[in-house]
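Working notes for the structure below.
The values are calculated or read from the model by the stated rules, or taken from the named source; none is laboratory data. Since we're looking at a predicted model, the values are computed, not measured. All Cβ positions, even for glycine, are placed from backbone atoms using ideal geometry, and neighbour counts span all protein chains on display.
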Amino acid sequence: MAVETFDLVRRFQDFVAVDNLNLTVRRGSFFGFLGPNGAGKSTTIKMLTGLLGPTSGRIRVLGRDIATVPLEVKSRIGVVPEDLNLFERLTGAEMLAFTGRMYGLNKAEIAERLPELLDLMELRNEPKKLIVEYSHGMKKKLCLACALIHRPEILFLDEPFEGVDAIASRTLKDLLSRLTARGLTVFLTSHVLEIVERLCTDIAIISQGKLLAAGSLDELRKGIQLEDDGQQTDLSGQHAGPISLEEYFIYIVGGERSTGEEEVLQWLG
Ligand SMILES: Nc1ncnc2c1ncn2[C@@H]1O[C@H](COP(=O)(O)OP(=O)(O)OP(=O)(O)O)[C@@H](O)[C@H]1O
Ligand SMILES: [Mg+2]
C-alpha cells in the first residue's frame with residue numbers, strides 16, 4: 001500500500017480536526033481526498049507527509065511507519081502543501097537546485113532536471129525573478145517542480161489546481177496522468193470535482209474529520225443504490241443516467257447543512 005492510517009486523530013486543544021481516520025491508498029492509484037472547507041484534509045496531508053504530528057494513531061507510507069523512519073519516508077515522497085513552503089529570497093532555479101541537493105541529487109542530475117522542470121512549469125522566462133515577486137500560481141507551479149525533482153513514489157498535492165491558469169492546469173492534468181500511468185501514486189485534495197471525477201481512480205470523502213465514503217466512483221455510486229434498495233438513484237427528481245461526483249458529494253456531505261436559502265440574507269434583496 002502507498003498509504004495506510006490506523007485510527008488517526010489530530011486535535012487542536014479540544015477541537016478534533018481528524019477523527020479516527022482509517023484510510024487506505026493503493027500504490028499506483030490516483031487518489032482524490034475530498035471534503036468541505038474545514039473537513040480536515042490539509043491537516044491529514046500534513047500528518048501523512050511528516051509536517052505535523054498526530055495526536056494518536058499510526059501512519060504507514062510505502063509500508064513504513066512515518067514516526068519511526070521519517071527521513072526515509074520523506075526522501076521517497078513529494079508534497080505541495082497548502083501554504084507552499086518556499087524560500088522567498090531565492091530565484092526559482094535556486095530553490096529547485098537547493099531542493100535537489102537536499103534530496104541528495106548530484107550536480108549532473110540537477111543540471112539535467114532543473115531546466116526541464118522550469119520549462120514544464122513555464123517558469124523559465126524570468127530567471128532573475130525572486131520567489132517573493134512570483135504570482136500565486138507561479139509559486140504553486142514552482143512548488144510542484146520542487147516536489148518532483150527527486151522522482152518521488154508518492155506525490156501529495158493540496159489543492160494543486162487552485163489559482164493555476166487553464167493552460168498550466170491542462171499541463172498539470174496531463175503530467176499527473178502520465179506519471180500515474182508509470183506507477184506514481186498521486187494523493188490530491190481538490191474542490192474542482194469535475195477534474196477529480198475525470199482523473200481519480202479512487203476517492204475518499206471526509207467531513208468534520210470523519211471518513212464518510214471511500215472507493216472508486218462506481219463503488220460509491222453503488223453504495224447509494226444499495227441504500228435505496230437497488231433502485232437507480234433519483235437525486236434531482238429528473239435524473240437520468242449515472243450521478244456525477246458533484247451530485248454524490250452534495251448528497252453525502254450536503255445533507256447535514258441545508259440552509260433554507262429563502263430565509264437567510266433577505267436584507268441582500
Ligand atoms: N493549527 C491549527 N490550530 C487550530 N485549529 C486548526 C489548525 N489547523 C487546522 N485547524 C482546524 O482544523 C479543521 C480542519 O482544517 P483543515 O485545514 O485540515 O481543513 P481542510 O479540509 O483542508 O479545509 P479547506 O478545504 O478549507 O482547505 C478546521 O476547523 C481548522 O480550523
Ligand atoms: Mg485545506
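When D83 is tested against (1) buried (at least 17 other Cβ atoms within 10 Å of the Cβ); (2) within 14 Å of ligand 1 (Cβ to nearest atom); (3) free of Cβ contacts under 8 Å to residues at least 60 places away in the same chain, just one condition goes unmet, and that condition is (1).
Residue check: is E162 among the charged types (D, E, K, R), within 16 Å of ligand 2 (Cβ to nearest atom), at pLDDT below 95 and surrounded by fewer than 19 Cβ atoms within 10 Å (Cβ to Cβ)? Yes, satisfied. Across region 62-80, the qualifying residues are those that are farther than 30 Å from V132 by Cα and surrounded by 16 or more Cβ atoms within 10 Å (Cβ to Cβ), and the one among them that is nearest to ligand 2 (Cβ to nearest atom) is I66.
Considering region 51-61, and only residues there that are under 24 Å from L176 (Cα atoms) and surrounded by fewer than 21 Cβ atoms within 10 Å (Cβ to Cβ), the residue that is farthest from ligand 2 (Cβ to nearest atom) turns out to be R60. In region 192-209, what residues are touching a residue at least 40 places away in the same chain (Cβ under 8 Å), at negative phi and within 16 Å of ligand 2 (Cβ to nearest atom)? Correct list: L193, V196, A204, I205, I206, S207. Against the conditions (1) within 16 Å of ligand 2 (Cβ to nearest atom); (2) touching a Leu at 6+ places or on another chain (Cβ under 9 Å), K173 satisfies every one except (1).
Which is at pLDDT below 80 and in contact with a strand residue (DSSP E or B) (Cβ under 9 Å, 6 or more places away or on another chain), of G230, G223, G269, G237? Walk me through it before giving the result.
On the way: G230 fails: in contact with a strand residue (DSSP E or B) (Cβ under 9 Å, 6 or more places away or on another chain); G269 fails: in contact with a strand residue (DSSP E or B) (Cβ under 9 Å, 6 or more places away or on another chain); G237 fails: in contact with a strand residue (DSSP E or B) (Cβ under 9 Å, 6 or more places away or on another chain).
Testing whether each residue is at pLDDT below 80 and in contact with a strand residue (DSSP E or B) (Cβ under 9 Å, 6 or more places away or on another chain) leaves just G223.
Scanning for something of a type outside the set (K, R), within 16 Å of ligand 1 (Cβ to nearest atom) and in contact with a strand residue (DSSP E or B) (Cβ under 8 Å, 6 or more places away or on another chain), does region 107-129 turn up at least one residue? Scanning region 107-129, I find no residue that is of a type outside the set (K, R), within 16 Å of ligand 1 (Cβ to nearest atom) and in contact with a strand residue (DSSP E or B) (Cβ under 8 Å, 6 or more places away or on another chain), so the answer is no. Output the residue which, of all residues in region 1-36 that are part of a strand (DSSP E or B) and on the phi > 0 side of the Ramachandran plot, is surrounded by the fewest Cβ atoms within 10 Å (Cβ to Cβ). Here the answer is D7.
Number of residues in region 51-98 that are hydrophobic (A, V, I, L, M, F, W, C), in contact with a Pro (Cβ under 8 Å, 6 or more places away or on another chain) and not in a loop (DSSP other than H, G, I, E, B) equals 3. Take the residues in region 165-196 that are surrounded by 20 or more Cβ atoms within 10 Å (Cβ to Cβ) and not in a helix (DSSP H, G or I); name whichever of them is farthest from ligand 1 (Cβ to nearest atom). Out of the qualifying residues, it is L184.
Screening L212, L199, L157 for residues that are of a type outside the set (F, W, Y), surrounded by 20 or more Cβ atoms within 10 Å (Cβ to Cβ) and modelled with pLDDT of 90 or more leaves exactly one candidate, L157. Of everything in region 37-50 that is within 11 Å of ligand 1 (Cβ to nearest atom) and part of a loop (DSSP other than H, G, I, E, B), the residue that is surrounded by the fewest Cβ atoms within 10 Å (Cβ to Cβ) is N37. Of all the numbered requirements in (1) among the aromatic types (F, W, Y); (2) surrounded by 19 or more Cβ atoms within 10 Å (Cβ to Cβ); (3) more than 23 Å from the chain's Cα centre (by Cα), F98 misses one, and that requirement is (2).
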